[in-house]
1. Kindly indicate the residue of segment A:150-164 that is away from chain B (no Cβ under 13 Å) and modelled with pLDDT of 90 or more and also surrounded by the most Cβ atoms within 10 Å (Cβ to Cβ) among those meeting that condition.
2. Taking segment B:146-157, which residues are within 9 Å of chain A (Cβ to nearest Cβ) and touching a helix residue (DSSP H, G or I) at 6+ places or on another chain (Cβ under 6 Å)?
3. For segment A:104-119, how many residues are more than 7 Å from chain B (Cβ to nearest Cβ) and under 12 Å from residue A:149 (Cα atoms)?
4. Which residues, counting only those in segment B:2-31, are on the phi > 0 side of the Ramachandran plot and surrounded by 13 or more Cβ atoms within 10 Å (Cβ to Cβ)?
5. Please find, within segment A:131-143, the residue that is nearest to residue A:107 (Cα to Cα) out of those that are more than 10 Å from chain B (Cβ to nearest Cβ) and touching a helix residue (DSSP H, G or I) at 6+ places or on another chain (Cβ under 8 Å).
6. I'd like to check something: does segment A:137-149 contain any residue that is loosely packed, with under 15 Cβ neighbours inside 10 Å and more than 30 Å from the chain's Cα centre (by Cα)?
7. Given the conditions (1) under 27 Å from residue A:166 (Cα atoms); (2) modelled with pLDDT of 70 or more, and given that residue A:359 satisfies all but one, which numbered condition is not satisfied?
8. Of all residues in segment A:8-49, which are part of a loop (DSSP other than H, G, I, E, B) and surrounded by fewer than 17 Cβ atoms within 10 Å (Cβ to Cβ)?
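The values are calculated or read from the model by the stated rules, or taken from the named source; none is laboratory data. No experiment lies behind these values; they were computed from the predicted model shown. Here the Cβ positions follow ideal geometry from the backbone for every residue, glycine too, while neighbour counts run over all protein chains shown.
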């Protein structure tokens, strides 16, 4: 189970404040936390190797090998190649440590033996060792697997990678309170809001007065402006996304009930919209804004959306909570560097060394 | 989970029945547990395959009315699972242009042909070399085992080499061909020939009579042309000029076999005229006893390495023979299987071969596996020599020797 980032941050702050040693800002904490998580994560593999060479026990809860496997199983992924050209398969984008690869063109997906270029050149000279679909081999170069036999290669799903990905960077996210204080934001961070900016005129015209104002709600699929006067010829159709519940104000000529369009303003942002979604006005027979095709199309751009607040949203440590103690001590060690207090570094280092000794004894 | 995947019907009949969907094109999924269908899609609709298609027990082909069935076979392997879809398409009657779909009340049957079915029948006594390698990697290689790490290709190499070695003297992998000796008295060696086991001619009762190799003649490996001085001649490129025919072979082919094996013909017995002594009868008294090597009338053969053929003596012309020979078990994909009785011997062979080539490995462990390999190979040989006590006793009864059992 992951370690809650707020627990770690508040614990670290408590220790630092108790000793009157200073304050660690969220940004400093986030950077140190990322560094600490990576250090512990990379140490898993060295520890695993070391444990394999030590005398082992299979008694439950006592097996170090089992324990370390549990530590990094969260990061294990099984995924198809990210791209394929002939018999060359590109590794998945998130691959951090390669484990194995299997050949799905062979019955029961046999493992692919990875060879150096030299080994492959020697192997192909041996009639007994010609690669087959049951005994596939590959060269691993430039993040790509060149698989042999190559005849059946057809799709990126031919090769499945088993690999370890990197942990996500932990982040203590916050909103700013009314007094300027930081309030922990437990929600996951978002990269895109999907909410349209209000009071924005998509048509971007300033001419004309108050005319026939009509409100409409956009849902996925097509939506018709609910005004009996103009229902017959105005349609608002978002395409390409799952956007819903946005309201618009349409300003058109009151005398004809038809174009030209004067403004198209967002009054309520809705949610679930994407860049590239299209909003179409028109019935195919009448023109807005002089469009000869009888329709006017607005394509939503990044500037039409409410921006993401960078400090909001949190990400927990992905490493297991059995590492919580080590995470806090390591962060304290680095915090000592940041706030220039050697006694913190020393105390944390001693504690960590003792723990390490106990583990490897 | 049991090792047998086919149900009784699939095993014994080698066929699968389907209900047509009433359209012009029926896509039939062949069960993955059965012997895969083979059809060369690049060839014609009637090209080589290992199955036949029947509609209401009538075998179909592209020129048969009313369906004029053509076929295509798609084999896909997705996520390691092989799927075969056989699509049977009704085509237009060449005279009327009318396409007749297979009616839904008909029974469509796809049936393996006999050679594939027979292969399937005997399949349970063998284990595939692919499975041998996979089993070995699982059971013998890994952390805390004697072999902590080994390349898969190394295991494949030793498995295949082991299969080759076992094929020569341990496995019952003797192949045999029934052939007729042509007037040229030569038969080309089989494609996967490694060595012969026995050649026999077959009499009218189907009984085998062993044909022995002979040392009376031999086949030259080179037949250089010579000039008047006896020097070998060269062609215009400076290479040795050779005759295509060997005179030794010619003389052997034309030899009267009775002159070699001492067999008397009927005249020797019916000619009662004791004074009728031809010059050749003067030699009668010179045959003291018989030389068993040549005193047989089954004919002889030699192996002509120059031409890659088995050469027979003239008395065997037009005879039906059985050629038994050994291959190395790797010639064809379907050959690469090992009798289950020798499976363990092959594992220990791979084990020993890998350990003996590892650097810095304790010699006592290597020796342990050397002994184990030897013992298991001996076990396999005994098992595969197929000695059954009752059969053995019966043979001994013929020898007037009683064996209690």
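1. At the first step, the residues of segment A:150-164 found to be away from chain B (no Cβ under 13 Å) are A:150, A:161-164.
Now narrow it down to the ones that are modelled with pLDDT of 90 or more: A:161-164.
Details: A:161: 23, A:162: 15, A:163: 19, A:164: 20.
Here the residue is A:161.
2. Those that are within 9 Å of chain A (Cβ to nearest Cβ) and touching a helix residue (DSSP H, G or I) at 6+ places or on another chain (Cβ under 6 Å): B:153, B:156, B:157.
3. Of the residues in segment A:104-119, 1 are more than 7 Å from chain B (Cβ to nearest Cβ) and under 12 Å from residue A:149 (Cα atoms).
4. Listed by number, the list holds a single entry, B:14.
5. To start, the set of residues in segment A:131-143 that are more than 10 Å from chain B (Cβ to nearest Cβ) comprises A:138-143.
Still in the running and touching a helix residue (DSSP H, G or I) at 6+ places or on another chain (Cβ under 8 Å): A:139, A:141.
On the way: A:139: 21, A:141: 26 Å.
Here the answer is A:139.
6. No, every residue in segment A:137-149 fails to be loosely packed, with under 15 Cβ neighbours inside 10 Å and more than 30 Å from the chain's Cα centre (by Cα).
7. (2)
8. The initial filter retains those residues of segment A:8-49 that are part of a loop (DSSP other than H, G, I, E, B), namely A:19-25.
If the condition is that a residue be part of a loop (DSSP other than H, G, I, E, B) and surrounded by fewer than 17 Cβ atoms within 10 Å (Cβ to Cβ), then A:19, A:20, A:22, A:23, A:25 are the ones that fit.
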